[in-house]
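> Let me begin by handing over the structure; questions about it come next.
Since every read-out is calculated from the coordinates, none of them should be taken as a lab result. Note that the coordinates shown come from a computational prediction; the quantities given were computed from them, not determined experimentally. Methodologically, a virtual Cβ is constructed for each residue, glycine included, from the backbone with ideal geometry; neighbour enumeration extends over all protein chains shown.
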Amino acid sequence: MRIFDINTSIGHWSFRKLAVDNLSKLRKQLESAGITGAAVSNINGIFYKNCHDANIELADWIGKKNDFFTGVATINPVYSQWEKDLRHCVDKFGFKAVRLLPVYHGYELGSKDADALLEVVADLDLPVFIPQRIVDLRQRHWMDVEKIVGFDDVYELAQRHPSAKIIFAESVTSAETFKDKKDCKNLYVEISRLRSSYGQQISKLASTIGHDKLLFGSGSPFKEISPALLKLEHADLKKSEKDAIAYGNAIGILGLDQE
C-alpha cells in the first residue's frame, strides 16, 4: 500500500524539544513506517512575527527538486501582504497547500480577513489546512494557547466557500460531529487524532461523509506514526477505500502526479 502523509511538520517547537528536528530525520522516520511521501509545514511559522520567513526557510530545506516532500505555506490573513506571500509560495516555491492558524495568529475564521484568503486560495485551487490544535491541551505548556479551533467555525467557513477545499486536521471529529449538518462536499478530515481503532471511528466517518473525504496523516514529529497506521489498518473498509485514504485522496487534493 502506498501511503502519503498529509500532516507532518518540521522546525522548532518552543515548548519542548522534538527528537525529529530536520527533514532528513523526518524522511527517515516516515520511510521506516512505509510512508512514500508527505506534505510538510514549518513549525516556526506558528511563532515568527512574519510567518513568511518560515515559508522561505521551508523552501530552502525542501530544495527545488524533492521527490518526497510537498511544501505547505503558513499564511496569516491579518498581515497586509499575505496575498503577495501566498503567490510567492505558489509561484516560486511550488507549495501545494496553505495552513491557517487562527488561534495562534489572533483572528477568527468568521472574519473578513479569513474570507478574503479563502476566496484567493479557491481561485488558486489550493487546499487549506486548519489544525484544530497543535498539541493536546492537557499536555500544553503554561505559556501555550488555551483554546482550540471549533468544528462549527470550520464547517461554517466551508459552507461560505463551497469552492474551497478545507482540511480539518488534528481534530477528534467523529461521525456524530456531522449529525444534522448539511452536506459539505468540500470539507476533509485528517485522521491522526481520531479516537482509537476499536471504536471504528474511521469507518463510521467514511459512512457519514464518504471515504473520499478522509486523509491519512500521522502528525509527526509531535506524535508517533504507528497509531494512525493501526487506525487505518483495522478500519472496517474495503481495500480500495483504505488505499484512497492512505494515498489517492491526498494526491488528488494536492494536485500531485500519481506516478
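> What span do the alpha-carbon atoms of the stretch 1-60 cover on each of the three principal axes, reported in whole Å from largest to smallest?
Computed over the stretch 1-60, the largest-to-smallest principal extents equal 40, 22, 17 Å.
> Ranked from highest to lowest mean number of other Cβ atoms within 10 Å per residue, what is the order of the peptides 168-174, 64-70?
Final packing ranking: 168-174, 64-70.
> Could I ask something else about it? Please identify every one of the trypsin sites (Lys or Arg not before Pro) in the stretch 126-155 that sits in a loop by DSSP and has no more than 13 other beta carbons within 10 Å of its own beta carbon.
Answer by residue number: Lys147.
> Related question: Calculate the length of the line joining the C-alpha centroid of the stretch 1-30 to that of the stretch 66-106, in whole Å.
18 Å
> Just name one of Leu26, Asn249, Leu215: the one whose Cα is farthest towards the positive end of the charge dipole of the stretch 4-254 (beta-carbon charges, Lys/Arg +1, Asp/Glu -1).
Leu26
> Okay, moving on. Helix-only estimate, please: 222 nm mean residue ellipticity of the chain, summing -39500 (n - 2.57) across DSSP H runs of length 4 or more and dividing by its residues, to the nearest 500.
Value at 222 nm, helices only, nearest 500: -9000 deg cm²/dmol.
> Another one. For the cross-link pairs Lys65/Lys213; Lys84/Lys242; Lys112/Lys165, which exceed 26 Å when the distance is taken from alpha carbon to alpha carbon?
Lys65/Lys213; Lys84/Lys242
> Something else now. Using a cut-off of 12 Å between beta-carbons, work out the net charge of the residues near Arg160 (Lys and Arg +1, Asp and Glu -1, Arg160 not included).
-3
> Please give the length that would be gained between Ser240 and Ser196 if that part of the chain were fully extended, namely 0.36 nm times their separation in residues minus their C-alpha to C-alpha distance (nm, one decimal).
Taking 0.36 nm per residue and subtracting the Cα distance, the gain is 13.7 nm.
> Using just the alpha carbons, could you tell me how many Å³ per residue the convex hull of the stretch 74-148 encloses?
Spread over its residues, the Cα hull of the stretch 74-148 gives 99 Å³ apiece.
> In nm, what is the difference between 0.36 nm times the number of residues separating Asp123 and His12 and their Cα-Cα distance?
Answer, rounded to one decimal: 36.8 nm.
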